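What follows is a single structure, written as structure tokens, with notes after it.
The values are calculated or read from the model by the stated rules, or taken from the named source; none is laboratory data. None of these values were measured; they are calculated from a predicted model. Because the Cβ atoms are built from the backbone with ideal geometry, glycine has one as well, and the counts that use them run over all protein chains shown.
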Amino acid sequence: MKLNSKVYDFLKWFALVAIPAFNIFILTIGKIWNLAGSAKIAATVSAAGILIAALIGVSGMQYWSDKSVVKDDDDYDDDDEEDDVEYLDEEEYDEDDDEIDASEDGDDDDD
């Protein structure tokens, strides 16, 4: 079964946002008013939410499995040239340049 995007988005919101919020509401009101069976109602609503989430997950998996992604060979850059990247040779990199000379750092401990 394929769902259009609006139905899919609504069911996703319903399963991931509305049902958990409604569950908290049922449990909170049930606790405040000492309503018998509120935990069973919340568990039933939660089970329905999991069912909806599983069904839209299957629909989403079917949607993506039907999409075949085929790229032309022209889409890939097989050039061995590296675009706008310059690498330093070992001779150009001098590790001594990274060290800070104590006489240049401005602290003079000879006072």
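Could you please give the count of residues in segment 1-36 that are of a type outside the set (A, V, I, L, M) and surrounded by 11 or more Cβ atoms within 10 Å (Cβ to Cβ)? Reasoning before the result, please.
Kept after step one, since they are of a type outside the set (A, V, I, L, M), are these residues of segment 1-36: 2, 4-6, 8-10, 12-14, 20, 22-23, 25, 28, 30-31, 33-34.
Now narrow it down to the ones that are surrounded by 11 or more Cβ atoms within 10 Å (Cβ to Cβ): 8-10, 12-14, 20, 22-23, 25, 28, 30-31.
Residues meeting the conditions: 13.
Entry remark, segment 2-52: residues being under 28 Å from Asp66 (Cβ atoms) and β-branched (Val, Ile, Thr) number 5 in total.
For every residue, the table says whether it meets (1) more than 25 Å from the chain's Cα centre (by Cα); (2) modelled with pLDDT of 95 or more.
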site: Tyr8; (1), (2): no, no
site: Leu11; (1), (2): no, no
site: Ala42; (1), (2): yes, yes
site: Ile52; (1), (2): no, no
site: Ser65; (1), (2): no, no
site: Asp72; (1), (2): yes, no
site: Asp83; (1), (2): yes, no
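Might you let me know whether segment 2-9 holds any residue that is touching a Ser or Thr at 6+ places or on another chain (Cβ under 7 Å) and not in a helix (DSSP H, G or I)? Yes: one or more hits. Among the residues of segment 26-35, are any of a type outside the set (A, V, I, L, M), at pLDDT below 75 and on the phi < 0 side of the Ramachandran plot? Checked segment 26-35: no residue is of a type outside the set (A, V, I, L, M), at pLDDT below 75 and on the phi < 0 side of the Ramachandran plot.
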